[in-house]
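The values are calculated or read from the model by the stated rules, or taken from the named source; none is laboratory data. All of these numbers come straight from a predicted model, not from anything done at the bench. Quick reminder, even Gly has a Cβ in these numbers, built from the backbone with ideal geometry, and neighbours come from all protein chains shown.
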Amino acid sequence: MRKRHTSIAGSVEIIRTGTDAIHTSLPSTLEDGGTRPNACGPLNIEQHEMVRQKIRAMLAAKPFMQIPEMTRAVSRVIGENASIRSRAARLQILADKCVDALTPYSACRPGCTHCCHFAVAICATEAEALAKASGRTIASVPVRELSSVESAISGGRQPPCPFLADGRCSVYAVRPMSCRLHHSLDATPTQCDVDLPPEQSHVPKYQMKPLELGYLSLMLNQVWGDIREFFPQNETIQIGRSA
């Protein structure tokens with residue numbers, strides 16, 4: 001079964017060349033200027049056209065979602081004379097704004113928990129924010145090359161996210177960037193079901209590489225791992241926020 005988690009390795013080499021490369025690499029990274037959906041599998045003609053129509057409508061309503069505009073916004077944050085934590089927080093706010101623009105066209109709805117069974121790569125700073133919000137203790141996670149984390153965390157159906165409570169995220173306000181950026185432009189959320197075989201799994205997404213690359217460029221040298229490595233399932237949530 002195909003691995004379901006945030007892809008990291010493909011972005012690392014772009015980032016290692018320097019922050020300026022985030023902008024210059026985008027034309028070759030994104031197809032059709034970001035208007036072509038990125039899917040976990042091939043889309044049929046009807047799905048492809050439906051997603052393209054959604055993206056056209058979204059871009060008409062929210063011009064800041066155009067890839068060049070998004071790239072400039074990310075570059076401005078990266079270039080600020082501020083701490084890494086401050087700039088990362090700014091990128092999270094920008095990510096929320098972008099996903100809000102996609103919400104009217106997304107299959108994601110409260111109560112859907114398919115993505116809460118994905119492997120989710122997070123960094124140490126995100127783990128600290130989750131620990132503060134939940135009252136949980138962070139477990140020791142080995143230092144690994146970021147590009148090796150993807151192969152170190154397993155794919156397929158995972159145990160529920162340690163912060164999933166009563167079908168909702170208990171730490172929604174401080175959720176990791178991977179969770180913030182995940183979405184589906186399909187008509188229903190069923191394609192996100194990790195139990196579907198690869199040939200039946202088609203999860204179309206809007207390409208948001210500027211945010212992904214920008215965030216990784218800030219967090220590149222941190223310890224990374226799956227969220228369940230930082231927070232083993234044998235602990236219970238003490239404090240949390242529902243959303």
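So ALA60 clears everything in (1) surrounded by 13 or more Cβ atoms within 10 Å (Cβ to Cβ); (2) in a helix (DSSP H, G or I); (3) hydrophobic (A, V, I, L, M, F, W, C) except one condition, right? Which one?
Every condition holds for ALA60 apart from (1).
Condition check: free of Cβ contacts under 8 Å to residues at least 12 places away in the same chain, assigned to a helix (DSSP H, G or I) and within 15 Å of the chain's Cα centre (by Cα). Does ASP96 satisfy that?
no
Which of the residues belonging to the stretch 161-173 are surrounded by 20 or more Cβ atoms within 10 Å (Cβ to Cβ) and either modelled with pLDDT under 95 or not hydroxyl-bearing (Ser, Thr, Tyr) (or both)?
CYS161, PRO162, PHE163, CYS169, VAL171, listed by residue number.
Might you check whether a residue that is at pLDDT below 50, crowded, with 19+ Cβ neighbours inside 10 Å and in contact with a Phe, Trp or Tyr (Cβ under 9 Å, 6 or more places away or on another chain) occurs anywhere in the stretch 10-33?
No, that holds for no residue.
Name every residue in the stretch 202-236 that is touching a Lys or Arg at 6+ places or on another chain (Cβ under 7 Å) and modelled with pLDDT under 80, in order of residue number.
GLU235
Quick one: MET177 ticks every box in (1) buried (at least 22 other Cβ atoms within 10 Å of the Cβ); (2) out of contact with any Phe, Trp or Tyr (no Cβ under 8 Å at 6 or more places or on another chain) bar one, so which box is it?
Of everything listed in (1) buried (at least 22 other Cβ atoms within 10 Å of the Cβ); (2) out of contact with any Phe, Trp or Tyr (no Cβ under 8 Å at 6 or more places or on another chain), MET177 misses just condition (2).
A quick yes/no check of all residues on (1) surrounded by 20 or more Cβ atoms within 10 Å (Cβ to Cβ); (2) assigned to a loop (DSSP other than H, G, I, E, B):
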residue	(1), (2)
ALA133	no, no
SER147	no, no
PRO159	no, yes
VAL194	no, yes
HIS202	yes, yes
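Could you tell me which numbered condition GLU69 fails, if it satisfies all but one of (1) farther than 23 Å from VAL223 by Cβ; (2) without any contact (Cβ under 8 Å) to a residue 24 or more places away in the chain; (3) of a type outside the set (A, V, I, L, M); (4) touching a helix residue (DSSP H, G or I) at 6+ places or on another chain (Cβ under 6 Å)?
The number of the failed condition is (4).
Kindly indicate the residue of the stretch 219-235 that is under 15 Å from the mean Cα position of the chain (by Cα) and assigned to a helix (DSSP H, G or I) and also surrounded by the most Cβ atoms within 10 Å (Cβ to Cβ) among those meeting that condition.
Checked the stretch 219-235; the qualifying residue surrounded by the most Cβ atoms within 10 Å (Cβ to Cβ) is ILE227.
What residue, of ARG109, ARG36, is at pLDDT below 95 and within 27 Å of SER170 (Cβ to Cβ)?
Just a single option satisfies the conditions, and that option is ARG109.
What are the residues in the stretch 94-110 that are surrounded by fewer than 17 Cβ atoms within 10 Å (Cβ to Cβ) and either closer than 11 Å to LEU211 by Cα or hydroxyl-bearing (Ser, Thr, Tyr) (or both), if any?
Residues satisfying the conditions are ASP96, THR103.
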